[in-house]
Amino acid sequence: MALIRATCSDCGDVELRSRDLRVRSCRDTDEATYLFRCPVCRMIEVRPAEPHVVDVLVAAGVDLEQWQLPAELGEQKRGEAISHDDVLDFHDLLGTPDWFVTLATMTDR
């Protein structure tokens, strides 16, 4: 297991084992980060990772977690944007005993 030096924003340089880090990479944008819990202060640190850093960390045995952007980001938006008043109206609706029926009839259109 490799020893890896990383920098905690509070404690400075710390040494970690490869199992103490994780690399997260987005399949859609190729952006990546690595994260670790500082062994001194126990805070979680998240840092951006360039492709060459990802390659070095993965080669050293760090787990790679790949993820994708939600499909909803590609959906076409229709209708008006939700306003602050809409949120307040929805909050008030949830306080009524028949809120679910009311909501169901609103979406039957």
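The set of residues in the range 62-104 that are part of a helix (DSSP H, G or I) and of a type in the set (G, A, S) comprises A71, G74, A104. Give the residue, chosen from R19, R42, R37, that is out of contact with any Leu (no Cβ under 8 Å at 6 or more places or on another chain) and at positive phi. Result of the check over R19, R42, R37: R42. Selection of the range 17-56 for residues being closer than 14 Å to T7 by Cβ and in contact (Cβ under 8 Å) with a residue 40 or more places away in the chain yields L21, R47. In the range 92-101, the qualifying residues are those that are over 19 Å from G79 (Cβ atoms) and touching a helix residue (DSSP H, G or I) at 6+ places or on another chain (Cβ under 8 Å), and the one that is surrounded by the fewest Cβ atoms within 10 Å (Cβ to Cβ) is T96.
For the range 58-71, the count of residues that are aromatic (F, W, Y), without any contact (Cβ under 8 Å) to a residue 60 or more places away in the chain and surrounded by 11 or more Cβ atoms within 10 Å (Cβ to Cβ) is zero. Within the range 19-46, the set of residues being over 17 Å from Q66 (Cα atoms) and outside any loop (DSSP other than H, G, I, E, B) comprises D20, R37, I44, E45. Of the set (1) closer than 30 Å to V14 by Cα; (2) without any contact (Cβ under 8 Å) to a residue 24 or more places away in the chain; (3) not basic (K, R), all apply to V101 but (1). Considered as a group, the residues in the range 21-35 that are of a type outside the set (F, W, Y) and surrounded by 18 or more Cβ atoms within 10 Å (Cβ to Cβ) include one that is farthest from E50 (Cα to Cα), and that residue is L21.
All of the numbers you see were taken from the coordinates with simple rules; none came from a lab. Every value quoted in this text rests on a predicted model; they were computed, and no experiment measured them. For neighbour counting, all protein chains shown are included, and Cβ atoms are generated from backbone atoms with ideal geometry for every residue, glycine included.
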